[in-house]
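The structure appears right after this line, and notes come after that.
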Amino acid sequence: MRAGVYQVAFLGEIKEGLTPLDIGDFRLMTARAAGRIVVADATCPHFGANLAHGGALEGEAVRCPFHHKLIGIGCSKESDLCVRTHRSSIAAGAIYVSIGDAGDLGLLDELRRVEELRPVVSSFSLVVRAQTEWVIGNGFDEAHFMPVHRVLGQVRLKVLDNGHSGPFVATGMFRLPASEWQVSSGARAVEVPYRATAYSPGIVLSHMGGEFPYWVLTAATPKGDGTTRVFITVLVPPGKEAGAPDANRIRYLLNGVRAGLAPDIAIWQHMVPGFRPALTGDDVALASFLTFCERFPKASADA
C-alpha cells in the first residue's frame, strides 16, 4: 500500500476504550475516552500481541492482555514500552488517518466546508477483493462510464493543473437519462457537470452539480487479508428553500449509488491482481491519476 490519507471507520463504529482497525499491514487501534479519539499502532512492542483485542485502556496507556504490561500511547524519551500515534481527523461522520508525511491535501478542509451547508449524510460500506487504486481510479476512468453505467455518450474528462503538492482534480460533463433524481422538464436526458478530486490513492470526492447537486465520498482502504473495504458517503445539501431534501428522493439516490457499484464490483473481483494495463488514448484522466498515485511512497508498518 501507499502512504496518504485513508478512512478507517465510520465514527459510530468506534466504541469507548479500544477498537481494532487495520490499513494494509498496519495493525491499528483507536483509544476513545472522554470524547477524545487517538489512533495508534496496536502491536505490543513487548511480545507482539494485538493490544486492541483484550487490552484495557488506562489513562494514556494500554494494559496488554498477554503479559499485563502497561504500554504507553505515544512514544517519548521516558517510555520504554510504547506505541506510536498517527495523525487522525473526524469529518462527515468518519475518521481519517494519515499514513506517512503527505497529509490530507485539503480533504478535511473541503469536507468541513461541505458540512457547513448542513447536508443530509447517508453512508454504507462493503468489502471487495479489488486493488485500492482501481476503486478510486474508477472516478477518473472516462472510458467505462458509458458501457458500465447509464451515462449517455462518451465522457471526456479534463485534468486540471494541480501542481505537485495538491489533490488531483478532473472535470467533465455527464449526459444522464432523466430520473427521479435528475428531473428534466419533459426532456429524456439532462447534462450534469462532474468534478472528481482525489486526495490520496485511497480517497476521491466526486461532485455531481446541476439543479440537484450532491457529493459522493468514496474511500478505499486495504485490509490485512488482501481485501479492500470501500466506504461510501453521500452528502446532499439542503433544497432551494433551505429545507431538507425529500426522504424518498434521498433513498432513491442512495439506492442508485449502491446499484451503480454492483457492475464495478463484479469486474474488480475478477481482475488479475497486479495487472499492468495497456492504457490507450481515451485513458488520459486515469493515466494521470495513476501518475498522481506515484507521488505517494510505499508505506510499511515496520518503517
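Just a few scattered comments:
- Fraction of C-alpha pairs exceeding 21 angstrom in the range 67-146: 58 percent, rounded to a whole number.
- Take the convex hull of the alpha carbons in the range 156-240; its mean projected area over all directions comes to 7.7 nm².
- Average projection area in nm² (convex hull over Cα atoms of the chain, one quarter of hull surface): 17.4
- Backbone HN-Hα couplings from phi across the range 110-127 [Karplus 6.51/-1.76/1.60, Hz, Gly and Pro as x]: 5, 5, 5, 5, 5, 4, 5, 7, 6, x, 6, 10, 10, 8, 7, 9, 8, 10
- Once C-alpha pairs closer than 8 Å and six or more residues apart are averaged by separation and normalised to the residue number of the chain, the relative contact order reads 20 percent.
- Along each principal axis, taking the top coordinate minus the bottom one, the Cα set of the range 4-91 gives 34, 27, 24 Å in descending order.
- In the range 197-303, Cα pairs under 8 Å separated by at least six residues give a relative contact order of 16 percent.
- Contact order, relative form, for the range 131-258: 18 percent (alpha carbon pairs under 8 Å, 6 or more residues apart, mean separation divided by residue count).
Values quoted throughout were computed directly from the atomic coordinates according to the rules given, and no laboratory measurement underlies them. A quick note: this is a predicted structure, and the numbers were derived from the prediction, not measured.
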